[in-house]
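Remarks on the structure that follows.
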Amino acid sequence: MTELAAVKAALKTQAVETPSWAYGNSGTRFKVFAQHGVPRTPQEKLDDAAKVHEFTGVAPTVALHIPWDKVDDYAALAKHAEDRGVKLGAINSNTFQDDDYKLGSICHPDAAVRRKAVDHLLECVGIMDATGSTDLKLWFADGTNYPGQDDIRGRQDRLAEGLAEVYERLGDGQRMLLEYKFFEPAFYTTDVPDWGTAYAHCLKLGPKAQVVVDTGHHAPGTNIEFIVATLLREGKLGGFDFNSRFYADDDLMVGAADPFQLFRIMYEVVRGGGFSPEVAFMLDQCHNIEAKIPAIIRSVMNVQEATAKALLVDGDALGAAQRAGDVLEANAVLMDAYNTDVRPLLREVREEMGLDPEPMAAYRRSGWAERIVAERVGGQQAGWGA
Ligand code: PSV
Ligand code: MN
């Protein structure tokens, strides 16, 4: 196989998971702007996600969020997805939208609230059993606002205890992905604020516990690719929540704010052997002012473009320059790959996969956007908490 053929073959195996919540209405804490044609049910979210996969060919799974995507029959929901050519992906838990969780969930000082939170996580594993999902994604809004409010160390003990109970419940082939976030909604301490804390808990729990890197959950200037390299080196990178940020947890389209950062991350993924099914590549985004389905198509394409560039890095030339201490040449090799226009290559890849080479235009022509506006009349549109 030529090198280019190997790059193309790798790109055809790519899988970017889209989040069910990206198809629903969303907004800021100031206003949620409703859009026409937005799904009313988890099934309709899957219908939209199937369109993203139909036109990109690399978005075969959809993450669910419980309770937002709660249904009576999860096996039937999995079948609904499969009938449309997609599968159900990670199950995202929610221990942040209940009055009981004002002072935290799994780290709460009251054992009864901790019990409720852990029971919810166990319920999510039960849903995984029914859907065939392999990943339980955990993000905790836990933390404190004021010094002295609670015992920092005690909260870590409670976290470890709760996670251990859920870990024990995981079946064969199931894992938990622990996400960190440096602040918000808590502002003084956050119980899982960084990759080091997530890593320490996952290490103690065992091989089925892995760290998730949400690209929006870092302080400005953080070298995220270093974290990626380190976690991969330790065998503890479970996946990504991709999105873009300018200021905080903005959840904008991945690759929009800083495509160079996305490339650097994907380069470390490729370099560290992480371009594999063991690492979940998920989007965690919201589309507040732009049309949702094309925004998700664009996001998937942005990940694809960064991946193609990362795969094109001339590893031999880079290694030789690095060993020779040729700083400028090493940097030039990396930048050559980044500056390559990979759009023609991706058009070829899509044609070889039997797809339209231009997913955005193909979606526009498909008439799906008009159809959902005409058909999805009445009912309660999905959105935060819906
Ligand atoms: C909140 O910050 C958040 O965006 C986390 O990143 C989770 O992954 C996501 O919500 C879904 O619960
Ligand atoms: Mn996330």
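Summary table
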read-out	value
Where a residue in the stretch 155-173 is in contact (Cβ under 8 Å) with a residue 40 or more places away in the chain and its partner, wherever it lies, is exposed (fewer than 15 other Cβ atoms within 10 Å of the Cβ) and of a type in the set (D, E, K, R), with Cβ under 8 Å and at least six apart	ALA160/LYS204; GLY171/ASP129
In the stretch 110-148, the residues that are without any contact (Cβ under 8 Å) to a residue 60 or more places away in the chain, acidic (Asp, Glu) and either in a loop (DSSP other than H, G, I, E, B) or within 16 Å of ligand 1 (Cβ to nearest atom) (or both)	ASP110, GLU123, ASP142
ALA291 being surrounded by fewer than 22 Cβ atoms within 10 Å (Cβ to Cβ), in contact (Cβ under 8 Å) with a residue 60 or more places away in the chain and farther than 21 Å from VAL7 by Cα	yes
Residue within the stretch 241-250 that is at negative phi, of a type in the set (A, V, I, L, M, F, W, C), within 16 Å of ligand 2 (Cβ to nearest atom) and open to solvent by 10 Å² or more (accessible area, probe 1.4 Å) present	yes
Conditions (1) within 16 Å of ligand 1 (Cβ to nearest atom); (2) under 30 Å from PHE30 (Cβ atoms); number of the one not met by MET301	(1)
Residue that is of a type in the set (Val, Ile, Thr), touching a Leu at 6+ places or on another chain (Cβ under 8 Å) and away from ligand 2 (no atom under 16 Å from the Cβ), where the choices are ILE152, ILE127	ILE127
The stretch 239-268: number of residues that are at pLDDT below 95 and among the basic types (Lys, Arg)	0
Test: residue in the stretch 202-215 that is of a type outside the set (Phe, Trp, Tyr), open to solvent by less than 50 Å² (accessible area, probe 1.4 Å), over 19 Å from TYR167 (Cβ atoms) and without any contact (Cβ under 8 Å) to a residue 60 or more places away in the chain	yes
Failed condition for VAL270, given (1) in a helix (DSSP H, G or I); (2) open to solvent by 50 Å² or more (accessible area, probe 1.4 Å)	(2)
Residue count for the stretch 169-210, restricted to those that are more than 12 Å from ligand 1 (Cβ to nearest atom), in a strand (DSSP E or B) and farther than 15 Å from CYS107 by Cα	4
Looking only at the stretch 1-25, and only at residues there that are in a loop (DSSP other than H, G, I, E, B), modelled with pLDDT of 95 or more and of a type outside the set (A, V, I, L, M, F, W, C), the one that is nearest to GLN304 (Cα to Cα)	GLN14
Output for the stretch 253-262, where each listed residue is part of a helix (DSSP H, G or I) and surrounded by 24 or more Cβ atoms within 10 Å (Cβ to Cβ)	LEU262
In the stretch 89-109, the residues that are open to solvent by 70 Å² or more (accessible area, probe 1.4 Å) and either part of a loop (DSSP other than H, G, I, E, B) or at pLDDT below 95 (or both)	GLN97
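To keep it simple, each residue is scored yes or no on (1) crowded, with 20+ Cβ neighbours inside 10 Å; (2) under 22 Å from GLU184 (Cβ atoms); (3) at pLDDT below 95; (4) more than 26 Å from the chain's Cα centre (by Cα).
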residue	(1), (2), (3), (4)
MET128	yes, no, no, no
GLY132	no, no, no, no
PHE140	yes, yes, no, no
GLY143	yes, yes, no, no
GLN149	no, yes, no, yes
ILE152	no, yes, no, yes
GLN156	no, yes, no, no
GLU161	no, no, no, no
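The values are calculated or read from the model by the stated rules, or taken from the named source; none is laboratory data. Computed from a prediction, not measured in an experiment: that's the story for all the values here. For neighbour counting, all protein chains shown are included, and Cβ atoms are generated from backbone atoms with ideal geometry for every residue, glycine included. Accessible surface is based on the protein model in full, side chains and every heavy atom, while ligands, DNA and RNA are left aside. Shrake-Rupley method; radii C 1.70, N 1.55, O 1.52, S 1.80 Å.
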